[in-house]
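Shown next, in structure tokens, is the structure this report addresses.
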Amino acid sequence: MLDNAIARQLRDIVGASWFKDDDQTRVAHSYDGTPMLQALPDGVIYPGSTEEVAAVMRVLHEHRIPVVSRGSGTNLCGGTVPIQGGIVMVMHRMNAIVEVDLQNLTATVQPGILTKAFTEHIESLGLFYPPDPSSMAISTIGGNIAECSGGLRGLKYGTTKDYVLGLEFVLASGEIVRTGGKLVKDVAGYDLTKLLVGSEGTLAIVTEATLKLVPPPKHKKTMLAMFSDVYDAARTVSKIIENRIIPATLELLDNPTIKVVNDYAKLGLPTDAAAMLLIEQDGELETVERDIELISGICREENATEVSIARNHEEALKLLTARRSAFTALARLRPTTILEDATVPRSKIADMVLAINRIAEKHRVQICTFGHAGDGNLHPTATTDARDTDEVHRVEEAFAEIFEAAIAFGGTITGEHGVGLVKSPYLEWKLGEPGVAVMQSIKAAFDPHNLLNPGKIFAKSARRRVVLERG
Amino acid sequence: MAKTTDREALRETLKIKLDYDQLTNCMRCGFCLPACPTFRETGLEAESPRGRIALMKATVDGIMGPDVPFEEQMSHCLGCRACEPACPADVKYGQLIEQARDAIEEHTTQHRGWVKGVRKLVFQGLFPHPKRMELLGKGLKLYQRSGLQTAVRKTNALKLLPKQLADMEKILPEATGKGVVKTLGTHVPAKGQKVGTVGMFRGCLMDAMFAETNRKTVELLSEAGFDVAIPEAQNCCGALHAHSGETAQAKELAKRNIRAFREAGVDAIISNAGGCGAILVEYDHLLHDEPQWREDAAWFASHTKDISTILWNEGRPLPFAEPVGGEAAAVRVTYQDSCHLKNVMKGGASPRSLLGALPGVELVEMKDAGSCCGSAGIYNITQPEMANRLLEKKMKDANGTAAHYIVTSNPGCLLQMKLGIERHASDKRMEAVHIVDFLHERMAARG
Ligand SMILES: Cc1cc2nc3c(=O)[nH]c(=O)nc-3n(C[C@H](O)[C@H](O)[C@H](O)COP(=O)(O)OP(=O)(O)OC[C@H]3O[C@@H](n4cnc5c(N)ncnc54)[C@H](O)[C@@H]3O)c2cc1C
Ligand code: SF4
Ligand code: SF4
């Protein structure tokens, strides 16, 4: 528990009701979207302004108390689990849209605004903010920035990093820094803005962000292609890109995923299909129609059993919404759902799907696969039961092998969910020792006392690499 | 404060009652948070479905004690169940909160004295007894008669409550004191070509306070081609009991209802109150641990329908009168969902279809029509502060439609909307009506 005098100092800054250290609040901030992790903080604080964040940080810095910044706690890497106790700082109260600049096409927001509330507001002004993680209905822009979140539109529009132009953030010491701005170009020194994107709350606390907006596409078309072999579907993904078509969305769902999504969203999908591709193209009407036609042709050439086009906007929206529910819907199958985020070059997507299935079989675990296939980003998801330690161990072994396979294909251990706690033992596999050492020295420069989200990204010790059997 | 040993005993009961598989099925994705009214109002994780499930699990896992704030948090939940359709993992939140409340109820002796008193009076002394309910309907106001007033005055802790009840009094309808059976008998034949035979679930609050609506429900059914039976042996649905942890009593009531409608030989059981209907369609779950009831309970649950659902999907089209005065005279209405009709009975579409099909009526959706108005059973009496916050917000959205009528499908919602109009309507001519009354009024005179 926090010393009474410190608690009083914190209450003085934010107001009595915005610092809580009762059991209920501590338990409610002991977890995030990551399975099998829980640790209680000593208290939870809800600052209302940048100045309050800075003042709080000065107190915590003085007493060397760790702090975990938190949006909505939907991350999947243990990013907001306070494994060293300390304070969880919830950003929800700082949720204003400070400004939408219609001349420069930028928006300046506080980090606690919900992604969907923000994008809806922007769309109501006739503009477009593309990053759309599946969790957008509840995730915050601050969380999106700190994880560099992707989404269903990453393939054509990029991810969060491509839209952050400027930041205001508070250092561990309580000092306030501003970087970038409403600028298309800025090379004044190192690019701290981009460094902060994806920093997982370990370098500073983001208190304001200036984001790039783009004009919305004029037309959209959404289609489905069904396959009787998941390999065919995965190969189709690479074929589409090889043919120099970049759809806005290109998502893959395997059979178990199709089934659970259908159960939840009642879409009437053919539940015997081995795999499905959900594809959307947007842009000028002519381009959209031509691309959809070409893509349909490619799907058929690659043995699609059925190709259909959404009749209207509502139907398309229903399909995309259903796809967003995929991960949670898989929780219908077994009590524990462990999802990973392996990413490979797009040409290797079919090989990766095969590797995942082979590894799952070898370790006798069920792994369902869906994901942003067009980005080369798959979410192999193990459905298991945390109470069965033997099975969970096998799942871990399987995932280690999947990471190894992804790296061997020229890929990475995480495409969009971040390293956090759960992937920290594997970071060195991707970066090598010198790579991790450079990152650690950056961390030390920002946060010499290791107060900001301690224990994340950097593991105490790297995991031993598995030896891949080839063949 | 209760003794630690009592707390440990409560933990043991929670361990037995809470379905641990459901607790772990929540994978903490947070998708349910935006759907939850108490989370949206407070922004606090502990006030969200994900938070409440985590608290339940933490008490069972021994991470926190089932302390007084825990009990309070369990009663902050409206039980509106908006979190369920929002959950892709199909977590049965409604069952979890009932199990938690059931355990708490079993253990609380000095449990907020007045709430307990009110509940006892209302649940055991009043609701299960149609006769007493009828008496109550004969003009004596609910809160005086049930002793609520005295119970309330004894507690100084909640200053809001007396005002809440005084406001409620203003909106209580003129009761006739004559239930639907007294008015129509136990059998009303179909008009014209017969479509089927249905049983009318009259509901205790409906029959005492809104007997007219019950009569009109039967008349609409008959007009749509249904023979209507109103079994006299039926009784209270048990919803309020089940939602407040009085499961044993709820089960008894359920069994009597099942028997009554089985014996009446009907094809469907029709409810005109979302709050009742929702528990009726879950009798199978309520009685899941009583194998000898399994089949009958499953039959009952799967054959219960809301009045709007059966009228829209199965009834003959009702003969509505053409409005006089054309376009300009169009009546603007907005529909406030009954949480339980929408989230549990999945019947949010039919009332809108019916209203949309009415000549001379324009249906305007209000923002967040699907979110709870704060009525939530007796929540507006036990948790007046949150209930009032939600009502104020609701009325802001209702005012935004400039509707002449707010149409509802449940007596609790209807009373709450009346209260809302009384307090917050920008145009006091706005009226709250039950969908049955609204449809009935627009039927062409037969002759
Ligand atoms: C069902 C589901 C689907 C998902 N789909 C996707 C997807 O399609 N694409 C994707 O990329 N991710 C996805 N995610 C992961 C997750 O939703 C994203 O990482 C999201 O951006 C997290 O937002 P949040 O507000 O919940 O952040 P939190 O989980 O609260 O925090 C995430 C990280 O950000 C840090 N942080 C939060 N706010 C700040 C701040 N103001 N300053 C500094 N650091 C901060 C935290 O310390 C933490 O390290 C999904 C998650 C779920 C549960
Ligand atoms: S949506 Fe379902 S699984 Fe997700 S947090 Fe809510 S209850 Fe849990
Ligand atoms: S039942 Fe309603 S109030 Fe309770 S947790 Fe679910 S959405 Fe929130």
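The values are calculated or read from the model by the stated rules, or taken from the named source; none is laboratory data. The shown structure was predicted, so the numbers you read here are calculated from the model rather than taken from an experiment. Don't worry about glycine lacking a Cβ; one is built from the backbone with ideal geometry, like all the others, and counts go over all protein chains shown.
Looking for something more than 16 Å from ligand 3 (Cβ to nearest atom), over 20 Å from the mean Cα position of the chain (by Cα) and modelled with pLDDT of 95 or more - is there at least one such residue anywhere in segment A:409-419?
yes
Would you kindly identify the helices (runs of 4 or more DSSP H) lying entirely within segment A:208-327 that contain at least 1 residues that are touching a residue at least 12 places away in the same chain (Cβ under 8 Å) and within 21 Å of A:ASP351 (Cα to Cα)?
By residue number, A:230-242, A:255-265, A:285-301.
Please verify whether B:SER350 is away from ligand 3 (no atom under 16 Å from the Cβ), crowded, with 24+ Cβ neighbours inside 10 Å and either part of a helix (DSSP H, G or I) or within 14 Å of another protein chain (Cβ to nearest Cβ) (or both), treating the condition exactly as stated.
It is false that B:SER350 is away from ligand 3 (no atom under 16 Å from the Cβ), crowded, with 24+ Cβ neighbours inside 10 Å and either part of a helix (DSSP H, G or I) or within 14 Å of another protein chain (Cβ to nearest Cβ) (or both).
I'm told B:LEU318 meets every condition in (1) of a type in the set (A, V, I, L, M, F, W, C); (2) outside any helix (DSSP H, G or I); (3) within 30 Å of B:LYS17 (Cβ to Cβ) except one. Can you identify the failing condition by its number?
The single condition B:LEU318 does not satisfy is (3).
Tally the residues that are at the interface with chain A (Cβ under 7 Å from one of its Cβ atoms) and either closer than 20 Å to B:SER75 by Cα or assigned to a helix (DSSP H, G or I) (or both), restricting the search to segment B:9-56.
So the answer is 11.
Would you mind stating whether A:SER69 is within 14 Å of chain B (Cβ to nearest Cβ), crowded, with 24+ Cβ neighbours inside 10 Å and either at pLDDT 95 or above or within 21 Å of the chain's Cα centre (by Cα) (or both)?
In short, no.
Every residue, every condition in (1) more than 15 Å from B:HIS434 (Cβ to Cβ); (2) surrounded by 18 or more Cβ atoms within 10 Å (Cβ to Cβ); (3) hydrophobic (A, V, I, L, M, F, W, C), yes or no:
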{"site": "B:GLY185", "(1), (2), (3)": "yes, no, no"}
{"site": "B:VAL195", "(1), (2), (3)": "yes, no, yes"}
{"site": "B:ILE230", "(1), (2), (3)": "yes, yes, yes"}
{"site": "B:CYS237", "(1), (2), (3)": "yes, yes, yes"}
{"site": "B:ALA242", "(1), (2), (3)": "yes, yes, yes"}
{"site": "B:ARG256", "(1), (2), (3)": "yes, no, no"}
{"site": "B:GLY277", "(1), (2), (3)": "no, yes, no"}
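Starting from residues that are surrounded by fewer than 21 Cβ atoms within 10 Å (Cβ to Cβ) and among the aliphatic types (A, V, I, L, M), keep the ones in segment A:366-399 and report whichever is modelled with the highest pLDDT.
A:VAL392
Please pick out the residue among A:THR25, A:THR74 that is farther than 24 Å from B:PRO69 by Cβ and either within 16 Å of ligand 3 (Cβ to nearest atom) or not assigned by TED's automatic domain parsing to the domain that holds A:SER134 (or both).
A:THR74
How about segment A:48-167: which helices (runs of 4 or more DSSP H) wholly inside it have at least 2 residues that are free of Cβ contacts under 8 Å to residues at least 12 places away in the same chain and farther than 23 Å from A:SER325 by Cβ?
A:50-62
For residues in segment B:69-81 being surrounded by 19 or more Cβ atoms within 10 Å (Cβ to Cβ) and facing another protein chain (nearest Cβ under 9 Å), which is nearest to ligand 1 (Cβ to nearest atom)?
My answer is B:GLN73.
With respect to A:THR343, determine if the residue is touching a Pro at 6+ places or on another chain (Cβ under 8 Å) and either away from every other protein chain (no Cβ under 14 Å) or buried (at least 20 other Cβ atoms within 10 Å of the Cβ) (or both).
No, not satisfied.
Quick check, is B:ALA387 surrounded by fewer than 21 Cβ atoms within 10 Å (Cβ to Cβ) and either hydroxyl-bearing (Ser, Thr, Tyr) or over 30 Å from B:SER222 (Cα atoms) (or both)?
Spelling it out, it is not the case that B:ALA387 is surrounded by fewer than 21 Cβ atoms within 10 Å (Cβ to Cβ) and either hydroxyl-bearing (Ser, Thr, Tyr) or over 30 Å from B:SER222 (Cα atoms) (or both).
Only one of these conditions is not met by B:MET64: (1) in contact with a Ser or Thr (Cβ under 7 Å, 6 or more places away or on another chain); (2) away from ligand 2 (no atom under 15 Å from the Cβ); (3) not in a helix (DSSP H, G or I). Which number is it?
(1)
Among the residues of segment A:219-244, which ones are farther than 19 Å from A:THR369 by Cα and basic (Lys, Arg)?
A:LYS220, A:LYS221, A:LYS239, A:ARG244
Are any of the residues in segment B:60-68 surrounded by 22 or more Cβ atoms within 10 Å (Cβ to Cβ), more than 9 Å from every other protein chain (Cβ to nearest Cβ) and away from ligand 3 (no atom under 11 Å from the Cβ)?
Yes, segment B:60-68 contains at least one residue that is surrounded by 22 or more Cβ atoms within 10 Å (Cβ to Cβ), more than 9 Å from every other protein chain (Cβ to nearest Cβ) and away from ligand 3 (no atom under 11 Å from the Cβ).
How many residues does segment A:215-238 hold that are over 14 Å from A:VAL307 (Cβ atoms), of a type outside the set (Gly, Ala, Ser) and surrounded by fewer than 24 Cβ atoms within 10 Å (Cβ to Cβ)?
Residues meeting the conditions: 10.
Given the conditions (1) within 16 Å of ligand 2 (Cβ to nearest atom); (2) among the hydrophobic types (A, V, I, L, M, F, W, C); (3) in contact with a Phe, Trp or Tyr (Cβ under 7 Å, 6 or more places away or on another chain), and given that A:VAL109 satisfies all but one, which numbered condition is not satisfied?
With (1) within 16 Å of ligand 2 (Cβ to nearest atom); (2) among the hydrophobic types (A, V, I, L, M, F, W, C); (3) in contact with a Phe, Trp or Tyr (Cβ under 7 Å, 6 or more places away or on another chain) applied to A:VAL109, the lone miss is (1).
Does any residue of segment B:262-275 turn out to be surrounded by 23 or more Cβ atoms within 10 Å (Cβ to Cβ), at pLDDT below 95, part of a helix (DSSP H, G or I) and of a type outside the set (D, E, K, R)?
Checked segment B:262-275: at least one residue is surrounded by 23 or more Cβ atoms within 10 Å (Cβ to Cβ), at pLDDT below 95, part of a helix (DSSP H, G or I) and of a type outside the set (D, E, K, R).
Has segment B:427-435 got at least one residue that is buried (at least 20 other Cβ atoms within 10 Å of the Cβ), free of Cβ contacts under 8 Å to residues at least 40 places away in the same chain and in a loop (DSSP other than H, G, I, E, B)?
yes
State whether the residues of segment A:121-131 include one that is more than 16 Å from ligand 3 (Cβ to nearest atom) and within 11 Å of chain B (Cβ to nearest Cβ).
No, segment A:121-131 has no match at all.
Does any residue of segment B:212-225 turn out to be out of contact with any Ser or Thr (no Cβ under 9 Å at 6 or more places or on another chain), more than 25 Å from B:GLY347 (Cα to Cα) and either among the charged types (D, E, K, R) or at pLDDT below 90 (or both)?
The answer is no, given that none of the residues of segment B:212-225 is out of contact with any Ser or Thr (no Cβ under 9 Å at 6 or more places or on another chain), more than 25 Å from B:GLY347 (Cα to Cα) and either among the charged types (D, E, K, R) or at pLDDT below 90 (or both).
Can you work out which of the residues in segment A:12-24 that are surrounded by fewer than 17 Cβ atoms within 10 Å (Cβ to Cβ) and part of a helix (DSSP H, G or I) is nearest to the chain's Cα centre (by Cα)?
Selected residue: A:SER17.
Going by the conditions given, is A:GLY154 surrounded by fewer than 18 Cβ atoms within 10 Å (Cβ to Cβ), out of contact with any Gly (no Cβ under 7 Å at 6 or more places or on another chain), away from every other protein chain (no Cβ under 14 Å) and small (Gly, Ala, Ser)?
No; evaluated as a whole, the condition is false for this residue.
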